[in-house]
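The values are calculated or read from the model by the stated rules, or taken from the named source; none is laboratory data. Not measured: the values here are computed from a predicted model. When we count neighbours, we look across all protein chains shown, and the Cβ atoms used for this are built from the backbone with ideal geometry, even at glycine. Just so you know, the surface numbers come from the protein's heavy atoms only, side chains and all, with ligands and any DNA or RNA stripped out. Shrake-Rupley method; radii C 1.70, N 1.55, O 1.52, S 1.80 Å.
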Amino acid sequence: MKPGEAAMKLTALGYRFEAAGERLRWRFEGQGQPDPGQVRPLLQLVKECRDEVLFFLRCYCQKCGGAMFIPDPEGRDLCASCDWHLLTELYPGLKERPRGDQ
C-alpha cells in the first residue's frame, strides 16, 4: 500500500490530517472508537513515510477526496469542489460556461 492510500483510508475511518510545513499531525474525529487492528498499520505507514504523506496531503481534499485547489485572495487554497460557492463569489468568471468553437 502506498502512503497516500493509507492517508485516504484513515480519512475514511474518521481521521483528519494537518500538514503545516514539515509537521504532520492527525486526530480522530469519527464516531465511536477506531479499530486498533485496522488503524495501527496505517498510522505506522504514515509515520514511516511522513514526507510522502505531506506531499500527498498538499494535493488531496480530506472532505471530498478532490485534488484541485484554487487560492483565495489571502493565499489559502480552497477546494474546487467543497468551496465552489465561495470561489464563484470571489472569482465570478468561474460561473461562466466555456464557449465552444462557433
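Could you pull out the residue among GLN44, GLN33, GLN62 that is loosely packed, with under 12 Cβ neighbours inside 10 Å and outside any helix (DSSP H, G or I)?
Going through GLN44, GLN33, GLN62 in turn, the sole match is GLN33.
Out of (1) in contact (Cβ under 8 Å) with a residue 24 or more places away in the chain; (2) surrounded by fewer than 16 Cβ atoms within 10 Å (Cβ to Cβ); (3) not in a helix (DSSP H, G or I), what's the single condition that is false for GLY75?
Tallying (1) in contact (Cβ under 8 Å) with a residue 24 or more places away in the chain; (2) surrounded by fewer than 16 Cβ atoms within 10 Å (Cβ to Cβ); (3) not in a helix (DSSP H, G or I), GLY75 fails exactly one: (1).
Pull up region 47-59, narrow it to residues that are open to solvent by 60 Å² or more (accessible area, probe 1.4 Å) and at pLDDT 90 or above, then point me to the one that is farthest from the chain's Cα centre (by Cα).
GLU48
Every residue, every condition in (1) surrounded by 12 or more Cβ atoms within 10 Å (Cβ to Cβ); (2) over 15 Å from GLU52 (Cα atoms); (3) of a type in the set (Gly, Ala, Ser); (4) touching a His at 6+ places or on another chain (Cβ under 9 Å), yes or no:
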{"site": "GLY4", "(1), (2), (3), (4)": "yes, no, yes, no"}
{"site": "ALA19", "(1), (2), (3), (4)": "yes, no, yes, no"}
{"site": "ARG25", "(1), (2), (3), (4)": "no, no, no, no"}
{"site": "GLY37", "(1), (2), (3), (4)": "no, yes, yes, no"}
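Among (1) in contact with a Cys (Cβ under 9 Å, 6 or more places away or on another chain); (2) modelled with pLDDT of 85 or more; (3) not basic (Lys, Arg), there is one condition ILE70 misses while meeting the rest; what is its number?
(2)
Report yes if some residue within region 31-53 is under 23 Å from ALA19 (Cα atoms) and in contact with a Gly (Cβ under 6 Å, 6 or more places away or on another chain); otherwise report no.
no
Can you tell me which residues in region 47-59 are in a helix (DSSP H, G or I) and not charged (D, E, K, R)?
The answer is VAL53, LEU54, PHE55, PHE56, LEU57.
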